[in-house]
Each structure stands twice: as C-alpha cells, then as structure tokens.
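K.L.:
Below is one structure. I have some questions about it.
Readers should treat all values here as calculations from the given coordinates under stated rules, not as data from a laboratory. Keep in mind the model is a prediction, meaning the values are calculated, not measured. Here the Cβ positions follow ideal geometry from the backbone for every residue, glycine too, while neighbour counts run over all protein chains shown.
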Amino acid sequence: MVSRTVRRATASAAALLTLTAVPAHAATHESDTTRTSSEAALPAPDMAGLRAVLRTLTAQGAPGAIARIDDHGTVHTAAAGIDDRTTRRAIGNADRFRIGSITKSFSAVVLLQLADAHKLNLDASVDRYLPGLLPDKRITVRHVLSHRSGLYDYTNSMFANSVSGFEAVRDKVFTYRQLVQLSLKHARTNAPGAAYSYSNTNFVVAGMLIEKLTGHSVGTEYRDRVIKPLKLRDTFYVHPAKKIPGRYAHGYLTPDRAGAQLVDATDQTVSWAQSAGAVISTTHDLNTFFSALLGGRLTSAAQLAQMERWTPVNSTTRYGLGLRRRDLSCGVSVYGHTGAVQGFYTYSFTSKDGRRSLTALANTSNNGTVLNTMARTLESAFCGKRTKAIQSTPLTGRGSYVTERNMAYEDIAPGVARD
C-alpha cells in the first residue's frame, strides 16, 4: 500500500450499470437545490479511512485498488495491492484503466455542446436525426440521455453468463446498428418517458447521434471537445484496438462460479459498448474532467442545468443526462458517474462546485461485495470522519446493501442475478 499527499505548484495545474437493482421509477424530475454553501463546509478527507477501504477491497477479491482526491489544489493519493497477478507489480495512480460507463458522461457532454450550438434539440424525437432507427417516434434525445427511453439493454442477454459471454465478444467489432438491433429483438421496458430504466442501448444511440450530427467518429469528438481542451494526457478512445497504451492496470473478471480463477479481461475491443463504455483514462484525468464539467468549463450554464434535471433512482441516487448525483450520509451531494466493464469498477465524483473530486478504481468486476465497499470511498473523500454507519444509507433503497444476487450491473448485464 502506498499513499502520498502533495500540493500542486501552480493554480493552472489545478485545472466514469445502474449499480442497484431497483424497480423502474416514474419520471419525476427534480431541480438541483444543492448549492456551494454546503461545499464550503466540507470536512477534510479521511485519508486513513480511504486507505482502509482500499485494503478492504483487496481482501474482498480485488487484486488492487487506487484512489485520488483533488481538493482545491491539493492532491491525495492512495493505493493497495497489485495491478498484475503475473508480475505482482504494485498498482498505482499513474495506471490507465478502462472506465466503463463513465464514458456516458463524455457522450452526454458532446451532445450538450451540440445543443449549445443549436445543432440538437433535447426534446426532439431521435427519429428526426436518425430516421427509422427506433420503432417509436416518441423517444426523444432527452429520454435516451436520461435512461427513460424504454429500450431494452442488450447486455442483459449478451452477458447472462459472465465469462462465456465476455469471451464470445472480447475480440468482436460491432456496428452501432447491430447493437441497436440486438436491443430491438426484445420488448421495451416501458413507454418513452414513463420510467427510469438503465440501458446501454441508450448511449449507443447517443454515439450514433454524435456521428450523424458532426460527421466525425465519437473518438474524434471526445478528443476535440473534451480530451484536448482539458489536456487529458492519459485519456483515449482506442476502439476497436484491444490494448491499453502505456502503463496500465490489468483488469480481472470474477467468474460466476464460486472459487473459479479470475479471468484477465484487460485486452478487449469493448466494441459491445463503444460510446456507452469504451474510454480509457486515469484517476487524475477523470478528476479533471468532472471538476471541469461541474465547474462550468465544458457546457453552458443552461446545458449543465439540463444535465442536472434529476430522475430518482433510489433513496440515495438521482440520474440526470449522463450524470449521477449521489447523496452521502453526511448530507453532502456529489456528482459524476460510475463505471463497470469487465475487470474494472470505477467511481468518479466531484463536489457541486467541482473543487473536490474523487476517482477510485478496483481492478475486478462481477464482485458485488467489492462494489458495495467502493461506495465508502465517497464517504471518506467528502464526509471525512463525519461518515455515518454506511448501513443507514442503503444503496438499494430497500433497506439493505446490494448483494451479488440482486445487483444490476450498469455496463454488464443490468438486472441479471449473479451467483
């Protein structure tokens, strides 16, 4: 385990599945009333508590875990365990990794920038821009970005068995339309706009919208609109290449069968996700991204407000447009996204003003115990030692933590029971 705290030298240097298996919620919108006054009162991060969480993750089955806090120009990092089960190299915050569904926030930012440029109307039918793609012209761009389209998540079927499902697609290259067609083979989950129901299909459609409206690939748009302006030197969209460039953490998929050997899932096309989950990044770059987003540097204030029109998910979580809000035990709300892709779990969230950010990674997946524990990184980072007993803020909204049997994976087979 390694930890350090450093202060940045210059101000300019200061600058990621629903996770829970809950019933679909009626699409009631809430405006965000959390204001920066609560951020001024944030206690100091509990670094001892954060390091303890990372050690717990390794005891629960993650080969390694890392976390980075950027706080008003001060950087705190912590790490535990290894990034490679073969070489036994220690994991560290310089490692790149697959960020899974945090990619959805990148896709949403691009589309909201297009809305700022009057090239996209959030309340227009998807059919206006992609004629004939979807069977219901009532599905709007807003429905897609808020997971209220009712489109079935094709990964439910694709990854019904974690390892065999993964091995069947790890080298494949899909088109967006092929993925949408996999979804349309199944009945929709609800009428457009009626309820929140997490689906990777939504952000496949988002990728198609980006490419149709710009004439460029999503990778080009991520690069030109987000990665280059923010100087994210370790963030890439490499689809359909399978390798993570540079220094990286290996990711390990936990098989469904108890006691089975972990599967190294690092190399894969992630073509089954693309604009829903194929970006590679680091803890530094993700903190920079969400800090810039909540700080108003990536969209207009009006479009950021659109991102923060919340639909309830459960007692502690709200979803906007490609953005999550998590309400912590100490009364603080944080903003960002979670990511799950074979071999990697990521949490990346920032304060309302974007001045304190946390990104945490565990290099495993399909492990509900690890995923439960990762929620505690937010408590340590934003509540400090004021964290209440975590059991008092159930992730499921039903009075208990999620378990492997009732968990819904946001990237991988949402709603599929796991043994």
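K.L.:
Please give the FRET efficiency for Asp123 paired with Ala241, using the beta carbon to beta carbon distance and R0 = 41 Å, rounded to the nearest 0.05.
P.N.:
On the way: r = 37 Å, r/R0 = 0.89.
The computed FRET efficiency comes out at 0.65.
K.L.:
I've got another one for you. Apply the Karplus curve 6.51 cos²θ - 1.76 cosθ + 1.60, θ = phi - 60°, to the phi angles in the stretch 315-325 and return the couplings in whole Hz, x for Gly and Pro.
P.N.:
Along the stretch 315-325, the couplings run 5, 10, 9, 10, 10, x, 10, x, 9, 9, 10 Hz.
K.L.:
Mind checking the dipole of the stretch 157-278: about its Cα centre, +1 per Lys or Arg Cβ, -1 per Asp or Glu Cβ, Debye to the nearest 20?
P.N.:
Details: 15 positive and 9 negative charges, 56 e Å.
I would put it at about 280 debye.
K.L.:
Can you give the FRET efficiency for His72 and Ala305, using 1/(1 + (r/R0)^6), R0 = 22 Å, r = Cβ-Cβ distance, to the nearest 0.05?
P.N.:
It comes to 0.35.
K.L.:
Which trypsin sites (Lys or Arg not before Pro) does the stretch 159-210 hold that lie in a coil by DSSP with at most 10 other beta carbons within 10 Å?
P.N.:
On the way: sites: Arg170, Lys172, Arg177, Lys185, Arg188; in loops: Arg170, Lys172, Lys185, Arg188.
Here the sparse-neighbourhood loop sites are Lys185.
K.L.:
Quickly work out the Ser157-to-Arg297 label distance, labels modelled 7 Å from Cα along the C-beta direction, and quote it in nm with one decimal.
P.N.:
Output for this residue pair reads 4.3 nm.
K.L.:
Write down Rg/Rh for the stretch 120-197, rounded to two decimals, with Rg from the C-alpha atoms and Rh from the Kirkwood relation over Cα pairs.
P.N.:
Details: Rg = 13.9 Å, Rh = 13.6 Å.
Answer for the stretch 120-197: 1.02.
K.L.:
May I ask for the Kirkwood hydrodynamic radius of the stretch 189-272, worked out over all distinct Cα pairs and given in angstroms to one decimal? The partial results should precede the final answer.
P.N.:
Details: mean 1/r = 0.0623 Å⁻¹.
Here the Kirkwood hydrodynamic radius works out to 16.0 Å.
K.L.:
Would you please give the FRET efficiency between Asp267 and Ala41, computed as 1/(1 + (r/R0)^6) with r the Cβ-Cβ distance and R0 = 60 Å, to the nearest 0.05? Each step should come with its number before you reach the end.
P.N.:
Details: r = 45 Å, r/R0 = 0.75.
With a Förster radius of 60 Å, E is 0.85.
K.L.:
Distance in nm between label sites at Arg88 and His186, each 7 Å beyond Cα in the beta-carbon direction?
P.N.:
It is 4.3 nm.
K.L.:
Now for a separate question. Give me the distance between the Cα centres of the stretch 104-133 and the stretch 140-162, rounded to whole Å.
P.N.:
After rounding, the separation between the Cα centres reads 17 Å.
K.L.:
Something else: Can you give me the P(r) profile for the stretch 165-221? Cα pairs, bins 5 angstrom wide beginning at 0, each as a whole percent.
P.N.:
4, 15, 20, 23, 18, 13, 6, 0
K.L.:
Checking the table Lys212/Lys242; Lys185/Lys228; Lys137/Lys242; Lys243/Lys352 against a 27 Å threshold on Cα-Cα, which pairs fail?
P.N.:
On the way: Lys212/Lys242 25 Å; Lys185/Lys228 38 Å; Lys137/Lys242 36 Å; Lys243/Lys352 35 Å.
Result: Lys185/Lys228; Lys137/Lys242; Lys243/Lys352 exceed 27 Å.
K.L.:
If you build the convex hull over the alpha carbons only and average its shadow over all orientations, what do you get for the stretch 106-149? Give it in nm² to one decimal. All intermediate terms of the calculation are to be shown ahead of the outcome.
P.N.:
Numbers: hull surface 11.8 nm².
Averaged projected area of the stretch 106-149's Cα convex hull equals 2.9 nm².
K.L.:
Restricting things to alpha carbons, tell me how big the stretch 129-266 is in terms of Rg and Dmax, in Å.
P.N.:
Cα only, the stretch 129-266: 17.2, 48 Å (Rg, Dmax).
K.L.:
Further, regarding this structure: Just to confirm a number: summing +1 for Lys and Arg and -1 for Asp and Glu over residues other than Ile244 whose beta-carbon lies under 14 angstrom from that of Ile244, what do you get? List each step's numbers first, then the result.
P.N.:
Details: positive: Arg96, Arg98, Arg170, Lys242, Lys243, Arg247; negative: Asp83, Asp84, Asp95, Asp234, Asp264, Asp267, Asp285.
Net of charged neighbours comes to -1.
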